[in-house]
1. Quick one: what pairs do we get from segment 65-77, first residue touching a residue at least 12 places away in the same chain (Cβ under 8 Å), second among the polar types (S, T, N, Q), C-beta under 8 Å, 6+ apart or different chains?
2. Could you list all residues from segment 1-28 that are modelled with pLDDT under 75 and outside any helix (DSSP H, G or I)?
3. With respect to GLY39, is the statement that it is modelled with pLDDT under 85, in contact with a strand residue (DSSP E or B) (Cβ under 8 Å, 6 or more places away or on another chain) and part of a loop (DSSP other than H, G, I, E, B) true?
Amino acid sequence: MTEVYTEETLFKSLNQKELKELADKFKEYKENKAGNTIGIKLGNPYFGKDEALTYPPEIRNILYKIHFKPDSPKSAVKKWNSNIQRGCIPTSDHIIIYCRGKKNTDS
């Protein structure tokens, strides 16, 4: 089971509904074990490139970064959708930094 905790600074950018929606989508993404060969979990186009942070070396395999779909500007949304249509891993300036659980490293 995936647990999602949010940082206080998100409250400055998102309202309560948006924050819950983002947390729910992230939880759904992490709990869906099915993925495809390019690393995007099918059925959830909301998240893109998901990778471990490597610098500084002390955070390797502790902190991870995942890109999520922007809602503006239109050019960023268009680029995201275009990457998915071409079978590429989408990236954006919108990211979530997260860590895996100590008890369950799959979440």
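The values are calculated or read from the model by the stated rules, or taken from the named source; none is laboratory data. This one's a predicted model, so the numbers in the text were calculated from it and none came from an experiment. Note: ideal-geometry Cβ built from the backbone for every residue, glycine included; neighbour counts use all protein chains shown.
1. HIS67/THR91; HIS67/SER92; PHE68/SER92; LYS69/SER92; PRO70/SER92; ALA76/SER92
2. Hits for segment 1-28 are MET1, THR2, GLU3, VAL4, TYR5, THR6, GLU7, GLU8, THR9.
3. Considered against the rule, which asks whether it is modelled with pLDDT under 85, in contact with a strand residue (DSSP E or B) (Cβ under 8 Å, 6 or more places away or on another chain) and part of a loop (DSSP other than H, G, I, E, B), GLY39 comes out as yes.
Residue by residue, here is whether (1) at pLDDT 85 or above; (2) on the phi > 0 side of the Ramachandran plot; (3) touching a strand residue (DSSP E or B) at 6+ places or on another chain (Cβ under 6 Å); (4) part of a loop (DSSP other than H, G, I, E, B) holds:
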{"position": "LYS30", "(1), (2), (3), (4)": "no, no, no, no"}
{"position": "PRO45", "(1), (2), (3), (4)": "no, no, no, yes"}
{"position": "TYR55", "(1), (2), (3), (4)": "yes, no, no, yes"}
{"position": "SER75", "(1), (2), (3), (4)": "yes, no, no, no"}
{"position": "LYS78", "(1), (2), (3), (4)": "yes, no, no, no"}
{"position": "GLY87", "(1), (2), (3), (4)": "no, yes, no, yes"}
